[in-house]
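Everything below concerns the one structure shown next.
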Amino acid sequence: MSGRPREPAAVLVDIEGTTTPIGFVYDVLFPYARRNVRGFLARRGGESEVGHDLAALRREHAAEPAADRPPAWTDASEPFEAAAAYLHWLMDRDRKSTALKSVQGRLWEEGFRTGELRSEVYDDVPPAFRRWHARGQGPWIFSSGSVLAQKLLFGHTRAGDLTPLVRGYFDTTTGPKREAGTYGRIAAAIGARPADVLFLSDVAAELDAARQAGLRTALCVRDGDPPHPAGHDVIRSFDGVLP
């Protein structure tokens, strides 16, 4: 006789379109980074951590196919101008560049600390985080944004500081979001079997990769109709997830 499936031991969640409205990311965070990147590099480009990001950016630039026509990286009359131009080019293409995400995270850190930025989460997110945290089920976060950016976002929400409820963070330093191996590494880092991890995302291709690694999956649809769920369960809020 078969019993009910075992409840997931861990909940892993995406951010954009899952915990946080896409509009906040594209209409607030990204424009803020774009407006301020040149001033940020002028102020902090000489710092060692920012220098590490710039070195990584230059390596990425050198590996760009010529057919993609990135802006030339030359010694410009203005310090860091080549880096700023390349960062704008990457932002225009919504590239999941680890170095770009690191620079954006440092920029947003300034904005959150000065109060210029205040992040948004859906109303069902704080109670779900509290529920899962109380039962030891998470949440863990996996986003293409840097870990710094993730902590800033959840630390400065209009609902308050949610970071005490988050058990861990993962970004693209762990691996691409659309590769199965990444999710196996995340499950191992959490300390759970893949089959005991539930991944919530609004992107079916990410869920496909997670399912290939053995994770459970659910497609988070906040507005409109499901975009080809391809066999994934569909949820419209966190209220029914491990209630």
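The values are calculated or read from the model by the stated rules, or taken from the named source; none is laboratory data. The model shown is predicted, which means the values in this text are computed figures rather than measured ones. Neighbour counts run over all protein chains shown; Cβ positions are idealised from the backbone, glycine included.
Whenever a residue of the range 126-142 is small (Gly, Ala, Ser), its partners that are in a helix (DSSP H, G or I), lying with C-beta atoms within less than 7 angstrom and at least six residues away or across chains, give the pairs Gly138/Trp132. Of all residues in the range 122-146, those satisfying the criterion of being buried (at least 19 other Cβ atoms within 10 Å of the Cβ) and over 17 Å from Gly160 (Cα atoms) are Trp132, Gln137, Gly138, Trp140, Ile141, Phe142, Ser143, Ser144, Gly145, Ser146.
Considered as a group, the residues in the range 21-59 that are more than 28 Å from Thr157 (Cβ to Cβ) and outside any helix (DSSP H, G or I) include one that is nearest to the chain's Cα centre (by Cα), and that residue is Gly45.
The single residue among Arg185, Arg211, Arg236 that is among the charged types (D, E, K, R) and either at pLDDT below 95 or touching a helix residue (DSSP H, G or I) at 6+ places or on another chain (Cβ under 7 Å) (or both) turns out to be Arg236. Checking each residue in the range 187-201 for being of a type in the set (Gly, Ala, Ser) and in contact with a Pro (Cβ under 8 Å, 6 or more places away or on another chain) picks out only Ala187.
All conditions in (1) small (Gly, Ala, Ser); (2) in contact with a Gly (Cβ under 9 Å, 6 or more places away or on another chain); (3) in contact (Cβ under 8 Å) with a residue 40 or more places away in the chain hold for Ala56, with the sole exception of (2).
Within the range 141-161, none of the residues are in contact with a Pro (Cβ under 7 Å, 6 or more places away or on another chain) and at pLDDT 95 or above.
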